[in-house]
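Structure first, then comments.
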Amino acid sequence: MKVSGFSIVRNAIKYDYPIVEAIMSILPYCDEFIVAVGKSDDQTLSLIRSIPSDKIKILETIWDDSLREGGKVLALETDKALRACSADSDWCFYIQGDEVIHEQFGPAITEGMRRWKDHKEVEGLLFHYTHFYGSYDFVGDSRDWYAKEIRIIRNDSRIHSYKDAQGFRLDGRKLKVKPIEAFVYHYGWVKPPELQQAKQESFHRMWHDDNWMKEHIPKTATFDYSKIDSLERFQGTHPAVMKERIKKTNWEFSFDPSKKKFKSAKAKVLHFFYKKLGWKIGEYRNYRVI
């Protein structure tokens, strides 16, 4: 069984993306790793080159910043990395620059790829998600966070990154997938408040025009982490590759999990059903479980 890992990145240092940790976390499962490194305003290219592995293959790219609708540029860049994966790979393992896989899920990941490798009807493997917010001690537990996404796909030229690169499609339809008991730890909402604010401003420019930005993104030096509806304390352990990054945490964030800040009575009721039954009423699924 041959596996290609792939990812995209730009301005990782400027916006404090844990891209090195992301890549290192899935390297053990990959025979090669393709990184599409966009032309950056910092030393991101040197950072990727510094990763001590001969599995890594760098693809230097230039992002089209004129594509300011729906995050399309992210899908285009992701496809560049995907298309550079070796033709003889069975699976392609995708990781975003703020996602990390805990080593405890290694057996489930390997077993899933081996189990379904020769079942061509299985086009991808579905991961659970844990979303950290504010600090490494809290996770989002409201129904607004996406619960699952595809991160391993069959190496098929008909499969493409979809919309803002959150998921994938095959000839325009949802992929047929099997779930595995593995989690992606999403750290995109954990970084110093000033860098989080800068990231939000940069990030939203890939979706919206200048008028929208003026109306919806406040001009402030730091991000306000307090504007969140519901969190709970994280009870597990972090991936080993995150140890040094977590040690360097230099900001404080506190939250009382017993106090909820739902915007409406409807949101409160939906949250109740979600927590009690594990059921997201009206949930959008970016895949088809078979």
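The values are calculated or read from the model by the stated rules, or taken from the named source; none is laboratory data. Note that this is a predicted model, so its numbers are computed, not measured. Please note: Cβ atoms are built from the backbone with ideal geometry, for glycine as well, and neighbour counts cover all protein chains shown.
Numerical summary
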item	result
Residue within the range 11-22 that is aromatic (F, W, Y), buried (at least 17 other Cβ atoms within 10 Å of the Cβ), closer than 18 Å to V241 by Cβ and modelled with pLDDT of 95 or more present	yes
Within the range 88-107, considering residues that are among the aliphatic types (A, V, I, L, M) and under 16 Å from V35 (Cα atoms), the one surrounded by the most Cβ atoms within 10 Å (Cβ to Cβ)	V100
In the range 14-72, the residues that are assigned to a helix (DSSP H, G or I) and among the aliphatic types (A, V, I, L, M)	I19, V20, A22, I23, M24, I26, L27, L45, L47, I48
So I62, is it in contact (Cβ under 8 Å) with a residue 60 or more places away in the chain and among the aliphatic types (A, V, I, L, M)	no
The range 4-23 - residue that is closer than 12 Å to L195 by Cβ and aliphatic (A, V, I, L, M) and, of those, nearest to the chain's Cα centre (by Cα)	A12
Cβ pairs under 6 Å, 6+ apart, first in the range 199-222 and surrounded by 11 or more Cβ atoms within 10 Å (Cβ to Cβ), second assigned to a helix (DSSP H, G or I) and modelled with pLDDT of 70 or more	M206/V73; I217/E201; I217/H204; T222/P193; T222/E194; T222/Q197
Qualifying residue in the range 44-66 (condition: under 17 Å from the mean Cα position of the chain (by Cα), surrounded by fewer than 22 Cβ atoms within 10 Å (Cβ to Cβ) and under 24 Å from I153 (Cα atoms))	no
Scope the range 114-169; condition of a type in the set (K, R) and either more than 21 Å from I101 (Cβ to Cβ) or touching a Gly at 6+ places or on another chain (Cβ under 9 Å) (or both); matching residues	K120, R143, R151, R154, R158, K163, R169
Selection from the range 239-255 of residues that are surrounded by 14 or more Cβ atoms within 10 Å (Cβ to Cβ) and within 15 Å of G134 (Cα to Cα)	R245, I246, T249, W251, F253, F255
Sole residue being touching a Phe, Trp or Tyr at 6+ places or on another chain (Cβ under 9 Å), surrounded by 18 or more Cβ atoms within 10 Å (Cβ to Cβ) and polar (S, T, N, Q), chosen from T78, T110	T78
Conditions (1) in contact (Cβ under 8 Å) with a residue 12 or more places away in the chain; (2) closer than 19 Å to D156 by Cβ; number of the one not met by D118	(1)
Single residue of R245, R285 found to be in a loop (DSSP other than H, G, I, E, B), modelled with pLDDT of 80 or more, of a type outside the set (D, E) and out of contact with any Phe, Trp or Tyr (no Cβ under 8 Å at 6 or more places or on another chain)	R285
Residue in the range 200-209 that is farthest from the chain's Cα centre (by Cα), counting only those that are at pLDDT 75 or above and not aromatic (F, W, Y)	E201
Residue tally, condition part of a loop (DSSP other than H, G, I, E, B) and buried (at least 21 other Cβ atoms within 10 Å of the Cβ), over the range 117-140	2
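Rundown of residues vs (1) closer than 30 Å to K120 by Cβ; (2) at pLDDT below 90; (3) in a helix (DSSP H, G or I), yes/no style:
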{"site": "H160", "(1), (2), (3)": "yes, no, no"}
{"site": "D164", "(1), (2), (3)": "yes, yes, no"}
{"site": "F168", "(1), (2), (3)": "yes, no, no"}
{"site": "E194", "(1), (2), (3)": "no, no, yes"}
{"site": "A198", "(1), (2), (3)": "no, yes, yes"}
{"site": "N211", "(1), (2), (3)": "no, yes, yes"}
{"site": "Q235", "(1), (2), (3)": "no, no, no"}
